Amino acid sequence: MIEFPLPPRPHKLDTRIGILGSGFIVNDCHLPSYRAAGFNVAAIASRNPDNATRVAATHGIPTVYPSFDALLDDATLEVLDIAVPPQHQLALIQAACARGTAKAILAQKPLALNYADAVTAVAACAAAGITLSINQNMRYDPSVRVATHLVNSGALGEPVFATIDMRGIPHWQPWQADTGSATLRIMSIHHLDCMRHWFGDPARVYCSTRPDPRTKFPHSDGICTTILEYDNNLRAVVIDDVWTGPAREGCPADIRIAWRIEGMRGLAIGEIGWCQDPYTTPSNARYAFQGDDEFTHPKLTRSWFPDAFADTMGQLLVAVETGEQPAISATDNLRTLALVEAAVLSAAEHRAIDPTTITP
C-alpha cells in the first residue's frame with residue numbers, strides 16, 4: 001500500500017486572519033474548514049455588514065468591521081482571506097498593499113477576469129512585500145492528492161492520456177452574470193489547474209464551447225471541452241458539462257466529477273465527492289500497476305468541500321512561518337490564468353492556442 005501523507009500544516013495556529021467577504025463560500029466552506037483546523041479567524045467584513053454579523057455569530061468570529069476599509073486598517077491582521085467576486089479582488093489587493101501591514105493574502109480564483117489585472121495584482125503584492133497565494137483548492141481534494149503523488153513519484157510511468165469529466169451543476173453565484181462567463185473562468189479553471197499541477201504547462205490548447213441551456217444570463221462557455229496537447233505526446237481532455245441533461249427538469253440525474261490518468265505502467269481513477277448529495281461526501285480513488293490482480297482503494301475520509309479549504313489556507317500559513325514561497329504561488333497561478341485565457345481565445349477563434357502567447 002502506498003502512503004499518501006496529508007499536506008503540511010502550520011505549527012503556529014494563532015496567526016490572525018481577517019476575512020473580506022461573507023457569502024456562501026465563506027460561510028459554508030472557508031470557516032467550517034478553518035475552525036476544524038484550529039485557525040485563528042480574528043475579524044470579518046463584507047459589503048453587507050448584516051450578513052457579516054450573522055456569519056460571525058455562526059462561526060464565533062470576535063470582530064465584525066463595518067467596511068472592507070475598516071478591516072484593512074487593522075494592522076494586527078497578519079493574513080487576509082479575500083473572498084469576493086473576481087472583478088472586485090484587484091481593488092482590495094491594491095488597498096491592502098497600500099497599507100502594507102499584512103504579511104500574506106489568500107485570493108480566490110480566478111485572481112481577476114483578465115490576465116492584465118492578474119499581473120497587476122501579483123506585481124502590487126511583490127512590491128509591497130506581501131505573499132500572495134491563490135485558493136486553487138481542488139489541488140487538495142483527497143483523490144486529486146492521490147493522483148498527484150502517483151504522478152510525481154513516477155509510479156504510473158510516463159503519462160499517456162488523462163481526463164477530467166465533470167457532469168455536475170455547480171453553485172452558480174449571482175455575480176457571474178456580470179462577468180459573462182459561466183464555466184471556463186469559474187469551474188474549468190479548477191480542472192485546467194489540476195492538469196498543470198499534474199503534468200506542467202501544455203504546448204497548445206484547443207477548446208470548444210456552447211451555451212448551457214439552463215443558465216439564463218448571456219454567455220458562450222456553458223458546456224466546454226478542452227484538449228491539452230503536450231510536446232511529449234501526452235494528451236489531456238477536460239469535459240465540463242454543467243447541463244448534464246435535464247437533471248433539474250424531471251430527468252434522473254447522473255452527477256459526478258471523475259478523473260482518470262493512464263500511464264505506461266499503471267492506471268489511476270478517482271471521483272470527487274463535491275457534487276454529490278450531501279456535498280461533503282468523501283472523494284474516492286483507485287489505482288493499479290502492471291502485474292496487479294486488482295485495483296487498490298486507498299481509504300479516503302475527506303472531501304473537496306469544505307475540507308480542502310483548510311489546506312489552501314494552511315499552505316499559505318506555512319509559507320508565512322517559513323519565509324518560503326507558498327505551494328500555490330501567485331506567480332505560478334498566472335500560468336493557470338494564461339491557460340484559461342488561451343481556452344477562451346481558442347473557443348472564440350476555433351483554433352489551437354499556445355498559452356505562452358497570452359500577455360497583459
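The values are calculated or read from the model by the stated rules, or taken from the named source; none is laboratory data. Keep in mind that this is a model prediction, so the values were computed, not measured. Glycine gets a Cβ as well: all are built from the backbone with ideal geometry, and neighbour counts include every protein chain shown.
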Looking only at the range 221-240, and only at residues there that are crowded, with 18+ Cβ neighbours inside 10 Å and of a type in the set (D, E, K, R), the one that is modelled with the highest pLDDT: 240
Which ones in the range 204-226 are without any contact (Cβ under 8 Å) to a residue 24 or more places away in the chain and closer than 24 Å to residue 262 by Cα? 225
Is there any pair linking a residue in the range 110-126 that is over 16 Å from residue 95 (Cα atoms) to one that is part of a helix (DSSP H, G or I) and of a type in the set (D, E, K, R), with Cβ under 7 Å and at least six apart or on different chains, and which? 110/185; 113/185; 115/341
Name the single residue, out of those in the range 168-220 being among the small types (Gly, Ala, Ser), assigned to a loop (DSSP other than H, G, I, E, B) and buried (at least 16 other Cβ atoms within 10 Å of the Cβ), that is modelled with the highest pLDDT. 220
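Taking only the range 228-241 into account, find how many residues are under 18 Å from residue 271 (Cβ atoms) and either of a type outside the set (A, V, I, L, M, F, W, C) or out of contact with any helix residue (DSSP H, G or I) (no Cβ under 7 Å at 6 or more places or on another chain) (or both). Working first, answer last.
Taking the range 228-241 first, the residues under 18 Å from residue 271 (Cβ atoms) are 236-241.
Remaining after also requiring either of a type outside the set (A, V, I, L, M, F, W, C) or out of contact with any helix residue (DSSP H, G or I) (no Cβ under 7 Å at 6 or more places or on another chain) (or both): 237, 239-241.
Residues in the range 228-241 being under 18 Å from residue 271 (Cβ atoms) and either of a type outside the set (A, V, I, L, M, F, W, C) or out of contact with any helix residue (DSSP H, G or I) (no Cβ under 7 Å at 6 or more places or on another chain) (or both): 4 in total.
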Restricting attention to the range 304-323, does a residue exist that is under 22 Å from residue 186 (Cα atoms), aromatic (Phe, Trp, Tyr) and either surrounded by fewer than 16 Cβ atoms within 10 Å (Cβ to Cβ) or touching a Phe, Trp or Tyr at 6+ places or on another chain (Cβ under 6 Å) (or both)? yes
Is at least one residue of the range 317-340 without any contact (Cβ under 8 Å) to a residue 24 or more places away in the chain, in a loop (DSSP other than H, G, I, E, B) and outside the structural domain of residue 170 (by TED's automatic domain parsing)? yes
Considering (1) buried (at least 21 other Cβ atoms within 10 Å of the Cβ); (2) in contact with a Gly (Cβ under 8 Å, 6 or more places away or on another chain); (3) of a type outside the set (A, V, I, L, M); (4) without any contact (Cβ under 8 Å) to a residue 60 or more places away in the chain, say which one residue 35 fails and leave the rest. (1)
Within the range 132-162, residues being in contact with a Phe, Trp or Tyr (Cβ under 6 Å, 6 or more places away or on another chain) and of a type in the set (S, T, N, Q) number 1
Give the residue that is farthest from residue 115 (Cα to Cα), with candidates limited to residues of the range 324-349 that are of a type in the set (Ser, Thr, Tyr) and buried (at least 19 other Cβ atoms within 10 Å of the Cβ). 346
Every residue from the range 1-23 that is loosely packed, with under 11 Cβ neighbours inside 10 Å and either within 11 Å of residue 83 (Cβ to Cβ) or hydrophobic (A, V, I, L, M, F, W, C) (or both): 1
